[in-house]
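*Asks:* One structure coming up, written as C-alpha cells, with questions to follow.
The values are calculated or read from the model by the stated rules, or taken from the named source; none is laboratory data. Note that the structure is predicted; figures quoted are calculated from it, not measured. Cβ atoms come from the backbone with ideal geometry, glycine included; neighbour counts cover every protein chain shown. Areas reflect the complete protein model, heavy atoms only, side chains present, ligands, DNA and RNA absent. Shrake-Rupley method; radii C 1.70, N 1.55, O 1.52, S 1.80 Å.
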Amino acid sequence: MTSPLMARPWHLAAPLLLLLTGCGGGDVARETAPTPFVFRSLDLRQQDVFGRPNWELTSPEARYDLRRRVARALQPRGVIYSNGKPAYRVEASTGTVINDGAVILLEGRIRLQRLGTAPVMIQGSRVRWLPSRNLMEIDRHPEGFDPHTRLSAERATFRIDKDTLELQGQPQLKRWAQAFDPFLANPVGPPQIVVTVASVLWQPGSGALTAGGPVLGERRPPGSSAGAPLQTLTATSLNGNTQKQVFNLGPPVLFSDPAVAGGVSARGKALQVDAAQQLVRIPMGCFIQQDGASLEAQSCAWNWQTQAIAADGSVLLQRPASRQLTRGSLLRGQLGEKGSVVVTAPGGRVFSQFQVPPSKTPPRPAPVRPKPEPIRL
C-alpha cells in the first residue's frame, strides 16, 4: 500500500507565468527575490491510507512562495473527515500552509463546528494543525461549547482521531440553565454554575467528560443579589456527560450554602448532580447540618427547584433546640422559607423521642377537697 499522497494539492484558477533567466554573451545573471504568486483560489486535499478523504482546505485567495513552499490564505474553509465521513467544518480568518499541508497555522476567528445532530463547537484564536498526527494545538483562547456548557482554559489539544479535547491551564466549566445555540451566539447572562478543575478531557461528539481535581464548584441561586454569598462544592474528581447533564464527584465531597438561614452544609462519600432534573444526590454516607440540626442517612437527595429533600436508609434526624430525635428508614421533607425542614414518613414507621424541659415555676397546689359526710344509719 502506498503512503497517502496529496490528491491534486493545488488548483489554480489563473495560469502561472514562469520567467526564466539565463546567462549568455558573458553577462552575469542577477538573482532577484521571487515574487509570491497570487492565486484566485486555493484547494488543498488529502486522503488516508485507504483512499478515503481525510481533510480538505480551500480559500478564495492565497499567496504562494515557491521557494519556501508556503501559502498564505485568506478566509480558509475546510472539512475534517472521520472514517471517510465529514466530522467537522473548519473556518478561520487567515491560514498559513507549510510544505503543502505538513503544518497548517490558523489564526483569527477559528471555529470547528461538529457535524451531526448534537450542536457542538470548538473555537480559539490561534491553532497549529498537524494533519499527519491528527492533532490541533490551540494556544490562544481555546473554548468548547454545547447548548448548556462552555469549557475554557489557557491552552488545549484537540486529538482529531480520538475526538478528544484536552484542556490545560486553569480550565473551567460553566453551565447555563437555559439552552443556547453554540453556532449562533454565546450564552446570555452569567452562568448559574462555575466549576474550576486541574485538567479536563472532553469528547465533543458524545459529551463524555473527565476532570482531575481539586474540584471547586460555585453556584449562584436564582434571584440572589450580586453580593450574596455563593453555594460552594468541593471534591477530588469530576466525571460525567455534558449532553446528558449528569456529573459525578469523587470523595470527599463537601457542599456549603451560607445564604440559607442558619447555614447549610452537606458531606458524603460521593455526590451526583443531574442538572436536567435539578437534582443533587449523595448516594453514600449522607450527612447534612443546618442551624445546629443534623440529618444522617445512607443516601439523600435535594431538588434545588422544589426544595424537596429525601433521605433513605438508617435515617437519623436530630434537633437539639427542641431535644427531638427521629429515626426511620425513609423520610421525605421540604426545605422551608427560613431553612426549616418539615419531615414526613410515607408508608414507613418513624420513632420520635422528645424530652420535655422541666418547668421553671413551682407547681400549683391542688385544691382542697371537702371531706365526705359520714354515713348515718
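*Asks:* In the list Ala235, Ala179, Ala211, Ala198, which residue meets the criterion of being in contact with a Pro (Cβ under 8 Å, 6 or more places away or on another chain) and within 16 Å of Asp146 (Cα to Cα)? I'd like the intermediate steps shown before the answer.
*Replies:* Details: Ala235 fails: within 16 Å of Asp146 (Cα to Cα); Ala211 fails: within 16 Å of Asp146 (Cα to Cα); Ala198 fails: within 16 Å of Asp146 (Cα to Cα).
The conditions single out Ala179.
*Asks:* Only one residue in Asp48, Asp100 is within 17 Å of Asn134 (Cβ to Cβ) and modelled with pLDDT under 95, so which one is that?
*Replies:* Values: Asp100 fails: within 17 Å of Asn134 (Cβ to Cβ).
Answer to the selection: Asp48.
*Asks:* Of all strands (runs of 3 or more DSSP E) completely enclosed by segment 50-132, which ones contain at least 3 residues that are surrounded by 16 or more Cβ atoms within 10 Å (Cβ to Cβ) and touching a helix residue (DSSP H, G or I) at 6+ places or on another chain (Cβ under 8 Å)?
*Replies:* Ranges flagged: 53-59.
*Asks:* Run Ser206 past the list (1) more than 12 Å from the chain's Cα centre (by Cα); (2) over 23 Å from Thr164 (Cα atoms); (3) open to solvent by less than 60 Å² (accessible area, probe 1.4 Å) and report the number of the one that doesn't hold.
*Replies:* (2)
*Asks:* Pairs, please: C-beta under 9 Å, at least 6 apart or cross-chain, first residue more than 15 Å from Val253 (Cα to Cα) and surrounded by fewer than 13 Cβ atoms within 10 Å (Cβ to Cβ) and in segment 215-226, second modelled with pLDDT of 75 or more and of a type in the set (Gly, Ala, Ser)?
*Replies:* Cβ pairs passing all conditions: Pro222/Ala177.
*Asks:* Go through segment 155-184 residue by residue and tally those that are aliphatic (A, V, I, L, M) and surrounded by 17 or more Cβ atoms within 10 Å (Cβ to Cβ). Please lay out each step first, then the result.
*Replies:* Let us first name the residues in segment 155-184 that are aliphatic (A, V, I, L, M), namely 156, 160, 165, 167, 173, 177, 179, 184.
Next, only the ones that are surrounded by 17 or more Cβ atoms within 10 Å (Cβ to Cβ) stay: 156, 160, 165, 167, 173.
Result for segment 155-184: 5.
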